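Here is the structure we will look at, set down as structure tokens.
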Amino acid sequence: MNIERTEFIAWMERIMERFDLLKEQMIKNQSRFIEVDGEQLLDNKDVLQLLKISSRSLQRYRTDKKLPYYTISGKLYYKLSDVHQLIRECLNS
């Protein structure tokens, strides 16, 4: 199968455009994470998806002081290391 040079170049340009779009999406996803002192902070949505629990269960973990949280501009955040610690504690009990 032979492809003309102009067709090949057009095809490669479309591929490069797709790579550029993927790069932009990756940068956008990386920038949505907040870090404090090198520690990644997760919001409610992230923790719910990570632990696969309901919002009521997450609220119960906060109330029972099993999962420390931080309020920044009225929004709740959790340190990733605290979430990992909660998982370890649940596995050991």
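The values are calculated or read from the model by the stated rules, or taken from the named source; none is laboratory data. Predicted model only: the values in this text are computed from it and were never measured. Neighbour counts are summed over all protein chains in view; Cβ atoms, including those assigned to glycine, are modelled from backbone coordinates with ideal geometry. Surface accessibility is based on the protein's heavy atoms, side chains included, excluding ligands, DNA and RNA. Shrake-Rupley method; radii C 1.70, N 1.55, O 1.52, S 1.80 Å.
When the chain is treated as a GNM with alpha-carbon contacts under 10 Å, the residue of Asp43, Asp64, Asp82 showing the greatest mean-square fluctuation is Asp64. Note on Glu39: accessible area is roughly 50 Å² with a 1.4 Å probe, heavy atoms of protein only.
Extension gain for the segment Cys90 to Ile72, taken as residue separation times 0.36 nm less the Cα-Cα distance, is 3.8 nm to one decimal.
With 0.36 nm allotted per residue and the present C-alpha distance subtracted, the Leu50-Ala10 stretch has 10.3 nm of extension available. A 1.4 Å probe, protein heavy atoms only, puts the accessible area of Ser93 near 120 Å². For the chain, the fraction of C-alpha pairs more than 23 angstrom apart is 46%.
Annotation note: chymotrypsin sites (Phe, Trp or Tyr not before Pro) in the stretch 9-93 located in DSSP loop regions with a Cβ neighbour count of at most 12 within 10 Å are Phe33. Solvent exposure of Arg88, expressed as accessible area, is near 120 Å², computed with a probe of 1.4 Å over the protein chains only. Under the criterion of Cα pairs below 8 Å and six or more residues apart, the relative contact order for the chain equals 22 percent.
For the chain, the solvent-accessible area works out to 84 Å² per residue, with a probe of 1.4 Å and every protein chain left in place.
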